[in-house]
Structures are given as structure tokens and as C-alpha cells.
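Input: a single structure, listed below in C-alpha cells.
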Amino acid sequence: MAAGEIPQRLVASYATGFGEEGRAWIAELPSLAADMLDHWQLRRDGAVRSGQASLVLPVLRPDGTRAVLKLQLPREETAAALIGLRTWNGEGTVRLLDHDPASGSMLLERLDGARTLASIDDDDVAMGILAGLHARLVAVPAPQGLRGLGEVAAAMLEQAPRAVAQLTDPADRHLLRGWASAVAELADDPGDRLLHWDLHYDNVLAAQRESWLAIDPEPLAGDPGFDLWPALDSRWDDVVVAQGEPLRVVRRRFDLLTEALGLDRARAAGWTLGRLLQNALWDIEDGETRLAPSAVVMAEALGNHR
């Protein structure tokens, strides 16, 4: 792979997110790709693709099986993804065919990267498919070795008071305190399910083995209610805002998800507010002084469930 094939958005993402370490990893990426192609005796079979944190090469295995080679900087999230993919073993997710522990490289079954769940126009149909996959994923107990929601919740509660002080609008400060209170009420029972943590429309691809399969997990051990926000937020501008009734759309999605997953609605709403808190803390750390408008709408939509 030539250096010129590396997508610029991946180069920029690594420079911004990882600094000198990221730039060094990008510089070595062509060599890493060549090494992994040779290691697994793979042949290139299509154009390079990338996300924010990984580069993906379509390949053919020695027996002609179509696969993808996924390359990313080894870090905690990469190790967690490997644990999750091995545990699910292709049940509702892309199948892990092999991996290289030293580099974090993965060999995965090939799905249709050009067709995500966002391609389905009917939002109820798309959300129903996602909810069905989600229910299968969280039915699995979390294995050892994953970060737990209890640890995440404790860190959020510690950070919240300082974050509140950074917000310029009193209404935003009131909301953030309320989200922290919701987490505090639930923190003693963080759950033990295997969570995907990033299951939205663009992380569900069309496949041959099944119609649709989830990709790119960031596994966490915890309550499935903490896993709903990415689905609720899917295609926010194109669907939720465009329909002109965001509260109704969010509530409809929440109903579909909680029914499919068999969740207590009050707990699921509380943990979703926890996810809004987590996102807000990240935004404030990056310099934001107001809450995201979508988060305010979502909190209002879920208010009746608590």
C-alpha cells in the first residue's frame, strides 16, 4: 500500500487525537499493511476505506475467501473490541477470522461496506432491525477483561461539578445536574451485559451470512440502557429533525428499543441520561460552554419515563 492511499481524514484524525504517536503510526502504516498482507498471505481486492480510527483493506485469503484487513493503533479500545468480537463469535456481529495481538490488526469477514442500515428509508423498519441485533448482543454476559460501567459512572460523577461550572446557561447547568443525579441513582447497580457502546445505523452493514450485522464495537460491561443513545441519535438531522416532530420520533425509537431488549423503561431512560452526561462532559472538556441541542431534545423526550 502506498502512502498516498491513506485517506486524509484518517491522517487528520490521528494527528488530532494522538499527536506525535498518531503521526508516527500513520507513517508506519504502509509497512504495517505490507507485513499483515504477507503474514496472512492476503491479496488486495479493492480500494482502501477508513473510519476515524482504522484503515480497512478489502482482501482475498489464500482459499479465495473475501475478507477485510483492519488496521488501527493498539490501545484499550482495540483490545476491548477483540474481546467482544471473540465473545460474540459472529452472533449478530461481523466475524473475527484472525488477529495479530502485537499490532492490533484484525482479519474480519467482509460485509457490504457500501450499504448501511441508514439506507432503509422507513425509520421504524431500520430501528426494528437494529433493536433485534441489539437484543442479541446484550443477551451475552460480559467476559472478564472489560472496563465496567460502574467505573465509568463513578468518573462521570466526579467530573460533573466542575463541568457544570463551565456551562454559561442556567438551564444547561440545571439539566447537567439532573443527568448526574440520574446516574447517581443507578450507579450502585451498573449491570453485567456485554455492550456494543456504539451501535447506530452506520455501524450495521448488509451481509450475506445474515441480512445485517453489527461492526466496530467498543465493548463495555454494563446495563443495556447505557447502550441506547447511539441508536436514538441515528440520522438525527435526516430523520429526527426532518420529520418536524423530534420528541415523537425519539419516544417511538425508545419504545421500540426497550420493548425489543426487554428493559425497564425508567432505568433505561436514566442510563440514557447518563450517556448524555458522558457526551456533555467530553464536549465541555473540548471547550464547549453549551449543551448540544440534540441532547436537550432527547432529555425532554425521555422525561416522562422517569
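The values are calculated or read from the model by the stated rules, or taken from the named source; none is laboratory data. All values derive from a computational prediction rather than experimental measurement. Every residue, glycine among them, receives a Cβ derived from its backbone with ideal geometry; neighbour counts consider all protein chains shown. Remember, those area values only see protein heavy atoms, side chains included, never the ligands or the DNA or RNA. Shrake-Rupley method; radii C 1.70, N 1.55, O 1.52, S 1.80 Å.
At a glance:
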{"read-out": "Lone unmet requirement of (1) over 22 Å from the mean Cα position of the chain (by Cα); (2) crowded, with 17+ Cβ neighbours inside 10 Å for Asp123", "value": "(1)"}
{"read-out": "Residue match in the stretch 77-90 (condition: touching a helix residue (DSSP H, G or I) at 6+ places or on another chain (Cβ under 9 Å), closer than 27 Å to Gln208 by Cα and of a type outside the set (Lys, Arg))", "value": "yes"}
{"read-out": "Tabulated pairs, the stretch 248-272, first part of a loop (DSSP other than H, G, I, E, B), second surrounded by 21 or more Cβ atoms within 10 Å (Cβ to Cβ) and small (Gly, Ala, Ser), C-beta under 7 angstrom, 6+ apart or interchain", "value": "Leu263/Gly225"}
{"read-out": "Number of the condition not met by Ala79 [criteria: (1) modelled with pLDDT of 95 or more; (2) under 17 Å from the mean Cα position of the chain (by Cα)]", "value": "(1)"}
{"read-out": "Residue match in the stretch 37-46 (condition: among the basic types (Lys, Arg) and over 29 Å from Thr65 (Cα atoms))", "value": "no"}
{"read-out": "Filtered residue count, the stretch 46-64, keeping only those that are part of a loop (DSSP other than H, G, I, E, B), at pLDDT 95 or above and in contact with a Leu (Cβ under 9 Å, 6 or more places away or on another chain)", "value": "2"}
{"read-out": "Top-ranked residue of the stretch 13-62 - restricted to ones that are surrounded by fewer than 18 Cβ atoms within 10 Å (Cβ to Cβ) and of a type in the set (Ser, Thr, Tyr), ranked as nearest to the chain's Cα centre (by Cα)", "value": "Thr16"}
{"read-out": "Filtered residues of the stretch 60-80 (kept if touching a residue at least 24 places away in the same chain (Cβ under 8 Å) and of a type in the set (A, V, I, L, M))", "value": "Ala67, Val68, Leu69, Leu71, Leu73, Ala79, Ala80"}
{"read-out": "Search result, residues across the stretch 70-98 that are outside any helix (DSSP H, G or I) and open to solvent by less than 50 Å² (accessible area, probe 1.4 Å)", "value": "Lys70, Leu71, Gln72, Leu73, Gly90, Gly92, Thr93, Val94, Leu96"}
{"read-out": "First in the stretch 274-297 and under 22 Å from Asp189 (Cα atoms), second anywhere and part of a helix (DSSP H, G or I) and charged (D, E, K, R), Cβ under 9 Å, 6 or more apart", "value": "Arg275/Asp227"}
{"read-out": "Verdict on Arg95 being of a type in the set (D, E, K, R), within 22 Å of Ser211 (Cα to Cα), at pLDDT 90 or above and in contact with a strand residue (DSSP E or B) (Cβ under 8 Å, 6 or more places away or on another chain)", "value": "yes"}
{"read-out": "The stretch 99-120, subset in a loop (DSSP other than H, G, I, E, B) and at pLDDT below 95, residue least open to solvent (accessible area, probe 1.4 Å)", "value": "Gly104"}
{"read-out": "Test: residue in the stretch 224-242 that is open to solvent by 40 Å² or more (accessible area, probe 1.4 Å), in contact (Cβ under 8 Å) with a residue 12 or more places away in the chain, over 20 Å from the mean Cα position of the chain (by Cα) and closer than 30 Å to Arg86 by Cα", "value": "no"}
{"read-out": "Residue, surrounded by the most Cβ atoms within 10 Å (Cβ to Cβ), within the stretch 203-223, restricted to residues that are touching a Ser or Thr at 6+ places or on another chain (Cβ under 8 Å) and aliphatic (A, V, I, L, M)", "value": "Val204"}
{"read-out": "Subset of the stretch 170-202 that is outside any loop (DSSP other than H, G, I, E, B), open to solvent by 30 Å² or more (accessible area, probe 1.4 Å) and not small (Gly, Ala, Ser) - its residue that is farthest from Ala231 (Cα to Cα)", "value": "Pro170"}
